Amino acid sequence: QKGAYPYYMLKEIDEQPGVMRTLVQEYFNEDGSIKIDADLLNALSQADRLYVVAAGTSYHAGLVGKELFEKLAKIPTEVHVASEFAYNPPLLSEKPFFIFLTQSGETADSRQVLTQVNAQGYPSLTITNVKASTLDREATYTLLLHAGPEIAVASTKAYTAQIAVLAILVKAYGEAKGLQAVKEFDLAAELTKVANGMQELVDEKGTVEKVAKEMLETTRNAFYLGRGIDYAVAQEAALKLKEVSYIQTEGFASGELKHGTIALIEEGTPVIAVITNPKTATHTRSNTQEVLARGANVMIISSRGVAQEGDQVVLPDVNPLLSPLLSIVPTQLLAYYASLQRGYDVDKPRNLAKSVTVE
Ligand code: F6R
């Protein structure tokens, strides 16, 4: 039920702080230990490489998951688009472990890969929002997203829930491996901080609504840019905007700008930069200068540590590896408002279905 909300998408964006809190309750014991099946952790610890397989928004959550697995738990992780993997599989390591990310648990492209993986006898985990869905039933292990039903076609709370569950899995795996840095990472506290930060962001909708009006109401195209983990967010932000507003949007690595895309920048082109990493902040800032000089309308979403005067959205502080959980929120709101301002039904974008059960 959407209750007082005009659209499910807005309701689901607003539910994200609550989903983070639910996940802390569902996955952490009072003493801080994590409720994840020892068999799953054991199977994971036998693997020499992880293969994350997903489509669309779930694929983008996987890109963030790779950062978490590699940076925190030091295990090589590849992320694959399911429809590509199915017909053009990569060379596998000796002991692969597969992770399927799927909100619906019914995506045909992902299922096809799982069927192949099962035929080869490899272990797998499905992370899904829907208990007893096909990919839940067919994988060796399952972790649930506990996000509540997601009705709007454009996925929002399932994306952040996927990242949070991946972080919890990384924490449990890293602890089982005895990694000191992982033991010291107080994830339950960090996710609570994330929930509070998300609340601040969803309470400040007015700012984003205004930027959407100024930058996106009539534009033909738009660009998101970022580096590292912010690049992963830029890709999801672009998908969100294009699917509900029909603005042609691209999310790309900001260093790539000068290698081609900058040719598309003209007077009034919207460029939205996500800047959270102090190591690359100056580089991305100089990319925004390059587009400003060509007349672009620039919006900057930055984390507090690297914020500058004039940035439209400054994110509350959280562990840098969890920054996507916050930086995505203003971009979800931008997509939402752009769609409404252009007069569309944001919950039911044209040509799209909530669960894609055909290949
Ligand atoms: C985008 C969107 C789609 C899905 C994709 C995978 O907002 O909803 O890109 O993310 O079709 O769906 P699931 O996660 O159900 O496998």
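By how many degrees, 0 to 90 and rounded to 10, does the Cα axis of helix 187-203 deviate from the longest principal axis of the chain?
Taking Cα atoms only, the helix is inclined about 30 degrees.
Counting Lys and Arg as +1 and Asp and Glu as -1, what is the net charge of the other residues whose Cβ lies under 13 Å from the Cβ of Val356?
Local net charge: -2.
Under 11 Å from the Cβ of Ile34, count the other residues' Cβ atoms, weight Lys and Arg +1, Asp and Glu -1, and hand me the total.
Residues close to Ile34 contribute a combined charge of -2.
Calculate how steeply helix 16-27 sits against the longest principal axis of the alpha-carbon atoms of the chain, using the helix alpha-carbon long axis, and give the answer as 0 to 90 degrees to the nearest 10.
10
Given the Cα-Cα distance of Glu26 and Glu290 and 0.36 nm per residue of separation, how much length would full extension add, in nm?
90.4 nm
Accessible area per residue, 1.4 Å probe, Å², for the chain: what's the number?
Heavy-atom accessible area per residue stands at 41 Å².
Please grab the % of Cα pairs in the range 114-260 that end up more than 21 Å from each other.
More than 21 Å apart: 62 percent of the Cα pairs in the range 114-260.
Could you work out [θ]222 nm for the chain from helices alone, using -39500 (n - 2.57) per DSSP H run of at least four and dividing by all its residues? Round to the nearest 500 deg cm²/dmol.
-14500 deg cm²/dmol
For the chain, what relative contact order do you get, as a whole percent, if you take Cα pairs closer than 8 Å and at least 6 residues apart?
Here the relative contact order equals 19 percent.
Once you put a point 7 Å from the Cα of Lys258 and another 7 Å from the Cα of Asp37, both along the Cβ direction, what distance in nm separates them?
Output for this residue pair reads 5.1 nm.
Mind checking the log10 I(q)/I(0) for the range 206-352 at q = 0.19 Å⁻¹? Debye, one equal scatterer per Cα, no solvent, two decimals.
For the range 206-352 at q = 0.19 Å⁻¹, log10 I(q)/I(0) is -1.11.
Provide the gained length on full extension for the span Val356 to Thr115, in nm with one decimal, where the gain is 0.36 nm per separating residue minus the Cα-Cα distance.
Extra length from Val356 to Thr115 when fully extended: 85.1 nm.
Among 26-37, 11-22, 200-211, what's the highest-first ranking by average C-beta atoms within 10 angstrom per residue?
11-22, 200-211, 26-37
I'd like the per residue volume of the convex hull spanned by the Cα atoms of the chain, given in cubic angstrom.
Per residue, the Cα convex hull of the chain comes to 135 Å³.
Explain nothing, just the number: dipole magnitude of the chain about its Cα centre with +1 on each Lys and Arg Cβ and -1 on each Asp and Glu Cβ, in debye rounded to the nearest 20.
260
Report, in cubic angstrom per residue, the convex hull volume of the C-alpha atoms of the range 8-111.
130
Order 71-81, 137-147 from most to least packed using the mean count of other Cβ atoms within 10 Å.
With the highest mean Cβ count within 10 Å placed first, the list reads 137-147, 71-81.
Between helix 281-292 and the chain, what is the angle of the helix's C-alpha long axis to the longest principal axis, kept within 0 to 90° and rounded to the nearest 10?
40
Hey, any idea what % of the chain's accessible area is carbon plus sulfur with a 1.4 Å probe?
Heavy-atom surface of the chain belonging to carbon and sulfur, 1.4 Å probe: 48 percent.
The values are calculated or read from the model by the stated rules, or taken from the named source; none is laboratory data. Keep in mind that what you see is a predicted model, and the values were worked out from it rather than measured. Here the Cβ is made from the backbone with ideal geometry for all residues, glycine too, and neighbour counts use every protein chain on show. What goes into the accessible areas is simple: the full protein's heavy atoms, side chains included, and nothing from ligands, DNA or RNA. Shrake-Rupley method; radii C 1.70, N 1.55, O 1.52, S 1.80 Å.
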